[in-house]
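Input: a single structure, listed below in structure tokens.
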Amino acid sequence: MMEWRAVWRGVRSAEKQLSALLESGVPTAAKELTTHNHGGASLLLTLLEAHGQVAIYIPGRMIHFAARSYRGDGKTDAKDAAVIADQARMRRDLHPNTPATPEAIELRMLTDRQGDLVRDRTRAINRLRQLLLEIFPALEQAFDYASRRAALLLLTKYQTPGLFAAPV
């Protein structure tokens, strides 16, 4: 069984500082823990792999709920490090983090883009509803935005009464 101990040290996310930390032997275990598996943690994960160390992924939600059982309401980096170390010591269902394949990265980019488009559409609909509510509250209440596209078509294509009355 591998022994884990909590190590908390503030390090900038720069290759030079992270490499120096890894070469110093801190932490002493052959496995490192991370609560992120992409994005800002990519540099750390790449350096760990280059140094022959295995990164164990612990979901942030798991840490959040585990931290509730610890004394104190405050959230500090040192407390988070202790919670992460305890979870790694006690749990046996944690999996090593594997490097993302180019296909996985591309799929993540596509799904992120789709999410952006959905949020943009929702934001635009909410703006239209807000403006319509200021101008004509009864009409805004009559529109069913969830299941009918006619309301959005009417608001986007025929912005003025004159355009609505003109032949198409």
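The values are calculated or read from the model by the stated rules, or taken from the named source; none is laboratory data. As the structure is a computational prediction, the values presented were derived from the model and not from experiment. A quick note on method: Cβ atoms are made from the backbone with ideal geometry, for glycine too, and the neighbour counts reach across all protein chains shown.
The residue of the range 87-97 that is farthest from the chain's Cα centre (by Cα), among those that are part of a helix (DSSP H, G or I) and touching a residue at least 40 places away in the same chain (Cβ under 8 Å), is R89. The set of residues in the range 93-109 being more than 22 Å from L47 (Cα to Cα) and modelled with pLDDT of 90 or more consists of L107, M109.
Among the numbered conditions (1) farther than 27 Å from L48 by Cβ; (2) in contact (Cβ under 8 Å) with a residue 60 or more places away in the chain, tell me where R127 comes up short. Condition (2) is where R127 drops out. Of a type outside the set (S, T, Y) and under 29 Å from the mean Cα position of the chain (by Cα) - does that describe any residue in the range 131-139? The answer is no; no qualifying residue exists.
Test of understanding: among A55, A100, A41, which residue is assigned to a loop (DSSP other than H, G, I, E, B), within 20 Å of the chain's Cα centre (by Cα) and either of a type in the set (A, V, I, L, M, F, W, C) or surrounded by fewer than 12 Cβ atoms within 10 Å (Cβ to Cβ) (or both)? Spell out the reasoning first.
Numbers: A55 fails: assigned to a loop (DSSP other than H, G, I, E, B); A41 fails: assigned to a loop (DSSP other than H, G, I, E, B).
Answer to the check: A100.
Once the range 25-49 is narrowed to residues that are of a type in the set (S, T, N, Q) and at pLDDT 75 or above, the residue that is farthest from M109 (Cα to Cα) is T46.
Somewhere in the range 59-76, is a residue closer than 20 Å to S13 by Cβ and touching a strand residue (DSSP E or B) at 6+ places or on another chain (Cβ under 7 Å)? So far as the range 59-76 goes, no, none of its residues is closer than 20 Å to S13 by Cβ and touching a strand residue (DSSP E or B) at 6+ places or on another chain (Cβ under 7 Å).
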